[in-house]
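Visitor: Questions regarding the structure given below will be posed in turn.
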Amino acid sequence: MDIWVTFVLPIFICVVLPVVVVWLALRSRQHAIDKKAEIMLKAIESGATIDPNLLKPQEKAKSTKKELLDKLNGACITSLMGLAFIALAIVRYYNPQFDRTFLNNFIVPGGFVLLAVGIGLFISYFVGKRMLAKEIEAEEKHLEENK
């Protein structure tokens, strides 16, 4: 059982899992391209007009407000994770029931790094919100006019 935890599990997590994730993503993209190509071939066979933009990747335009909310979301998540890591390190340090594992050396620095990233994202959100207030208002007016 010890060899599974020390050797096989890290191999699966560090090698097999990323390879499978990349393979699935590429397979999904290839499937979508194949479907579009099939539609194009059927359209050519039937003599219908073909939209050349069908095979181009569709870029989703993000609004300024959406980008700022994504920053706020990331700031909340990373800050809370950082605080949780630091709290876990404190509990582990003062509680003798926890065994001393190699992760104890990385929990505190990881917590401070996550907390620093979260604080940076909070600062970026609030500065961006203040600087881009006019652009957000203009986008909201544009959306209201198009309704």
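The values are calculated or read from the model by the stated rules, or taken from the named source; none is laboratory data. Just so it is clear, the structure is predicted and the values come from calculations on it, not from any experiment. Here the Cβ positions follow ideal geometry from the backbone for every residue, glycine too, while neighbour counts run over all protein chains shown.
Visitor: Can you find even one residue in the stretch 126-136 that is of a type outside the set (D, E, K, R) and in contact with a Phe, Trp or Tyr (Cβ under 8 Å, 6 or more places away or on another chain)? So that I can check it myself, show each step before the final result.
Guide: The first filter runs over the stretch 126-136 and keeps only residues of a type outside the set (D, E, K, R), leaving 126-128, 131-133, 136.
Next, only the ones that are in contact with a Phe, Trp or Tyr (Cβ under 8 Å, 6 or more places away or on another chain) stay: none.
No, the stretch 126-136 contains no residue that is of a type outside the set (D, E, K, R) and in contact with a Phe, Trp or Tyr (Cβ under 8 Å, 6 or more places away or on another chain).
To keep it simple, each residue is scored yes or no on (1) within 30 Å of E137 (Cα to Cα); (2) over 20 Å from the mean Cα position of the chain (by Cα); (3) exposed (fewer than 10 other Cβ atoms within 10 Å of the Cβ).
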position	(1), (2), (3)
T6	no, yes, yes
V16	no, yes, no
W23	no, no, no
I39	no, yes, no
S46	no, yes, yes
S63	yes, no, no
S79	yes, no, no
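Visitor: Another question, if that's okay. Among the residues of the stretch 36-51, how many are without any contact (Cβ under 8 Å) to a residue 12 or more places away in the chain and not in a loop (DSSP other than H, G, I, E, B)?
Guide: Here is the first cut: in the stretch 36-51, the ones without any contact (Cβ under 8 Å) to a residue 12 or more places away in the chain are 38, 41-51.
Then keep just the ones that are not in a loop (DSSP other than H, G, I, E, B); that gives 38, 41-46.
Total meeting the criteria: 7.
Visitor: Something else: So K71 fits all but one of (1) modelled with pLDDT under 90; (2) among the basic types (K, R); (3) surrounded by 13 or more Cβ atoms within 10 Å (Cβ to Cβ); what number is the exception?
Guide: That leaves (1) as the condition not met.
Visitor: Also, I was wondering about something else. Quick test for you: out of G111, G74, pick the one residue that is in a helix (DSSP H, G or I), in the same structural domain as H142 (by TED's automatic domain parsing) and under 30 Å from L143 (Cα atoms).
Guide: Exactly one of G111, G74 is in a helix (DSSP H, G or I), in the same structural domain as H142 (by TED's automatic domain parsing) and under 30 Å from L143 (Cα atoms), namely G74.
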